[in-house]
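For reference, the structure discussed in these notes is given below.
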Amino acid sequence: MLDSVKIARRQSEIRQQLATLVGKESPTEDETRSMETLDGEYRTNETRYRAALTAEDTERREAGADLETRSDRQFAELVGRFELRQVALAIDEGRALTGATAEVVAELRNAGGYQGIPVPFAALETRAGETVAADQIKPKTYRNVIDRLFPASVAAKLGIERIQIERGELAFPVATSGAVFGWQTTELGNVGAPNPYATTERSLTPDHTGGAQMVISRKALKQAGEGLEEAIRRDLNAVIGAELDRVVINGSGAAGQPLGIIPGAATYGIASTAVGAAATWGAFRTAIVAFMQGNAITSPSQVNIGFPPAIWADLDSLQAADSAPMWEWDRLVKNVGTAAISNVIPAATAIMTATVQGIAPGYLGIYGGIDLIRDPYTKAASGQLVLTGLVTADFTVPRGMQTRILTGLAGTP
């Protein structure tokens, strides 16, 4: 018990005793001495009470500061011990969740919006000591959590930033016009007409929900044991990461999908240039110069480029004619920040992006975690369990000028 509480209780007892003694018209000598003793103790306790409050206030502040710095770390440690195997058994057999898994699920449920068992995205990463098959996508770290969602992802390499959103709509005000500098043409002339400061908005909304489904056989549930957890994690990791990567680049904006970079070029104000020439460093250099002139960047190393494997093959098979022996591919990677190769990008097309003034070229908003829902009835005749992992996400490009699309990149001349 806190010292201040103990002292406060003792003070209350002293007041009760004094009230009894003071009410007597003719107190005895012992009662008079008792009143003096209690009065002295009361005054002393007042001083002790103030000192205790001061000391305990400092302790509370230190403890509060420790909790503030500890909360995120503790939750990350809990997620690190999250067991998808427990989730699978809870869905199949109704077994109660225990330990760190139960704590994480309870924390996510407090945010609301889950019909099934919530699973944090961080729990999908492949953990140390697990064996990943050669045909599985391997996690690669770029920044915070985005790597777990985008293993070997072209979107991550292009600088697309992932934002975790609990609920509601997230808006990005973007300035479209502002101050204009001018010089006096005469001694008493105006420096220029005032220009209004105007903004527009780009928003992330929870309007797009997709789901990853898998069927788990009864044999797998009974035989796999802990191996089932790794298998479920890898499958969910691969399918969710691949699809979100696709919609960032090619999302149609229809049929429930977010609007991606290429289909949404006109909407986002992204310039698209028809190159109509071979994919060489010279062609890319011309586009990079124009791109740099329209952005507050001063070096080609600030530009990231993504294109399909066929363009890489063209660059890697063509030797530069205007320099010492060097392949066009080597000249490209020597100058740009990142060159990402992915089948997600359409043929004969390249995407250039840049992060300007700390603003990413695009933002992918993820709402909460994965809502894992069981269906034991559809495949009940064979004892199979259908799991559906629902994901709500949206994508937007805040400033179209930070991205440029190149089309018509022909093969090797």
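For this structure, a couple of remarks:
- Contour minus Cα-Cα distance for residue 8 and residue 410 (0.36 nm per residue): 136.2 nm
- Potential lengthening of the chain between residue 111 and residue 179 amounts to 20.3 nm, from the contour at 0.36 nm per residue minus the alpha-carbon distance.
- Spacing of the two label points (7 Å from each Cα toward its C-beta) at residue 214 and residue 388, in nm: 1.7
- Efficiency of FRET from Cβ geometry, residue 41 and residue 250, R₀ 56 Å, rounded to 0.05: 0.10
- Taking θ as phi - 60° and the Karplus parameters 6.51, -1.76 and 1.60, the scalar couplings of segment 115-122 work out to 8, x, 9, x, 10, x, 4, 4 Hz in sequence order, x denoting glycine and proline.
- Stretching the chain fully between residue 102 and residue 381 yields a gain of 97.4 nm (0.36 nm per residue, less the alpha carbon separation).
- Protection proxy ranking of 200-212, 392-404, 36-48, 332-344 - average other beta-carbon atoms within 10 Å, highest first: 392-404, 332-344, 200-212, 36-48
The numbers here are math on the coordinates, done by the rules we state, and not lab data. Fair warning: this is a prediction, and the values are worked out from it, not measured in the lab. Here the Cβ is made from the backbone with ideal geometry for all residues, glycine too, and neighbour counts use every protein chain on show.
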